[in-house]
Amino acid sequence: MSESNLKEKDPDTQLSQERVNEDVEKHHISYETEGAGNGEGKLKRQLKARHLGFIAIGGVIGTGLFLGTAGALKKGGPIGLLLGYSIMGTICLSVAVSLGEMVAYLPIAGGHISLAARFVNPAFSFTMGWNYYYNWVIILPAELSAAAVLINYWNKTVNNAAWITMCLVVAVAINVLGAGAYGEAEFIFASIKIGLIILGIILDLGGGPNHDRIGFRYWIDPGPFVQRYDIPGDLGRFLGWWSVMTQAAFSFIGTEIVAIAAGEAKNPRRNVPRAIKRVYIRILLFYVLGTFIIGLIVPSNHPSLDLTNHDAAASPFVIAIKTAGIKGLPSLINACLLSSAWSAASSDLYTSSRALYGLALSGQAPKVFIKTSKSGLPWVSVAFSSAFAFLAYMGINEGAGTVFGWFSDMTAIAGLMTWWGICFTYTRFYKGLKSQGIDRSKLPYASKLNPYAAYYALVSILIICLFSAWDVFLKGKWNTARFVTNYLPFALFPILYFIARYFNKTPLVKPSEMDFQTGLAEIEAATYDEPPPRNIVEKFWSKLI
């Protein structure tokens with residue numbers, strides 16, 4: 001809203017607008033703060049276009065895909081697995097385009113957490129921020145414990161604690177080196193992940209040493225679906241497919257990392273929209289194609305798909321490689337799985353530390369977390385978030401596979417509630433644009449799917465969370481750990497909001513009073529035209545990322 005528009009309003013409306021602006025000034029997250037000069041509150045833009053592109057495509061694709069799909073295949077069968085991930089992919093895309101529209105216009109540090117303060121209210125921002133932080137500090141030990149399970153398969157003489165420690169050290173080192181190193185690491189790790197998908201295609205087509213052309217054999221025997229809990233007919237097949245949904249959510253969580261990274265992106269107005277648009281590549285290439293390949297190369301009744309039996313062969317890719325009789329490949333697969341764990345763990349730590357930094361800037365966490373190094377690293381936030389990784393050591397006695405299951409359920413539900421909050425914030429953003437007469441077509445990025453995509457995601461996410469642990473209510477199937485890990489994060493979101501709302505009396509920001517201007521000067525100053533591609537290779541590269 002321009003200054004001239006404000007002057008045309010009546011005095012009462014203008015005073016109301018000023019009060020809202022003061023509140024937003026207090027709670028929104030900007031690029032610079034008064035303490036920037038003394039090492040507080042300043043992030044530096046170090047992420048290039050290719051970094052954002054690969055963060056969007058492969059940022060948190062880790063053990064959720066390479067290990068978690070084992071349990072999903074066992075519960076849903078190849079078609080149930082594919083359908084579950086495909087449907088979750090449509091929800092993920094709906095969230096991505098909603099988030100992209102807001103962040104492309106206002107690529108501010110803190111992403112959707114700070115945008116919630118502008119377009120909903122500070123209490124909702126508080127809820128989004130702490131739910132998001134909880135989500136990422138829980139997924140960090142999950143990735144580390146799962147990595148230990150996978151690596152220990154090849155070397156049972158080394159205690160899992162050693163592998164957990166090694167992965168943790170690498171993840172912390174990448175983050176300590178700063179956003180630039182994080183972006184370079186993601187670029188390399190995402191490239192390796194593509195290689196595993198290609199390997200799966202080769203094995204299915206008979207490219208292994210045994211030259212066994214598998215084709216769609218496992219879709220026929222043991223079959224396309226699994227009868228969940230041996231319940232006959234369509235009901236059993238439906239419940240098998242539904243069991244895949246929570247695991248699929250765990251694998252997809254992380255699309256919003258691009259929004260958090262926007263605060264450290266070079267030329268954000270150009271690069272953030274391009275990264276968001278490439279999310280469909282992540283969905284199609286990794287998840288839809290990846291789960292399709294997994295359903296082809298491993299039968300759903302394979303005994304090694306059970307994570308709770310302490311058998312690290314639970315990765316479908318490892319199972320397929322063993323069956324194909326490829327000698328000498330275990331070391332290579334170890335490297336790929338390890339790189340995947342490092343990649344996901346570094347993303348988890350990066351995201352949680354930046355979320356905590358954003359909460360501190362907005363006054364919703366202690367100010368000590370604002371402190372940054374001369375290079376722009378929020379080192380206090382990184383150090384504090386790293387401490388939660390020690391939860392991974394629970395898996396040494398309880399079983400890393402079991403602990404991975406607990407953490408993945410908790411993360412999936414918390415992540416889905418973050419997605420729900422993003423879509424709710426978007427509906428407010430959309431109403432604000434409409435109320436203030438701002439043309440969406442003039443925004444840096446505007447999806448034709450909205451606002452309907454946001455509404456679709458809002459309803460779908462609530463249904464999935466509500467019935468995420470449906471099986472505990474079946475006769476004889478009660479599981480306290482599963483009930484708590486699924487429904488505690490679901491209940492935490494409204495509890496956080498009502499507590500924050502009790503202490504912060506600010507009501508929902510009216511659409512006509514939403515602030516679409518603060519921070520635009522800094523954003524526009526960081527925007528520039530990039531040189532056109534000089535040859536065919538550069539043109540292909542620019543289209544890819």
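The values are calculated or read from the model by the stated rules, or taken from the named source; none is laboratory data. As the structure is a computational prediction, the values presented were derived from the model and not from experiment. Every residue, glycine among them, receives a Cβ derived from its backbone with ideal geometry; neighbour counts consider all protein chains shown. All accessible areas refer to the heavy atoms of the entire protein, side chains included, with ligands and DNA or RNA removed. Shrake-Rupley method; radii C 1.70, N 1.55, O 1.52, S 1.80 Å.
Structure notes:
- Across LYS74/LYS475; LYS75/LYS327; LYS74/LYS477; LYS448/LYS510; LYS322/LYS477; LYS367/LYS510, pairs whose alpha-carbon gap is larger than 23 Å: LYS75/LYS327; LYS448/LYS510; LYS322/LYS477; LYS367/LYS510
- Neighbours of TYR452, meaning other residues whose beta-carbon lies under 15 angstrom from its beta-carbon, give a summed charge of +3 when Lys and Arg score +1 and Asp and Glu score -1.
- Förster-model FRET efficiency, 41 Å R0, ILE438 and ILE463, C-beta, rounded to 0.05: 0.80
- From most to least packed by mean Cβ count within 10 Å, the peptides 491-503, 428-440 give 428-440, 491-503.
- For THR372, the residues whose amide H sits under 5 Å from its own are GLU40, GLY41, LYS42, ignoring neighbours fewer than 5 places away on the same chain, with H placed 1.01 Å from N.
- Carbon and sulfur %, accessible surface of the stretch 75-121 computed with the full protein complex present, 1.4 Å: 82 percent
- Extension gain, LEU488 to THR518: 0.36 nm times the residue separation minus the Cα-Cα distance gives 7.2 nm.
- Loop-resident trypsin sites (Lys or Arg not before Pro) (DSSP state other than H, G, I, E or B) in the stretch 350-381 with no more than 12 further Cβ atoms inside 10 Å of their Cβ: LYS374.
- The stretch 421-439 residues near the modelled TYR455 label - backbone nitrogen below 19 Å, point 7 Å along Cα→Cβ: 421-435
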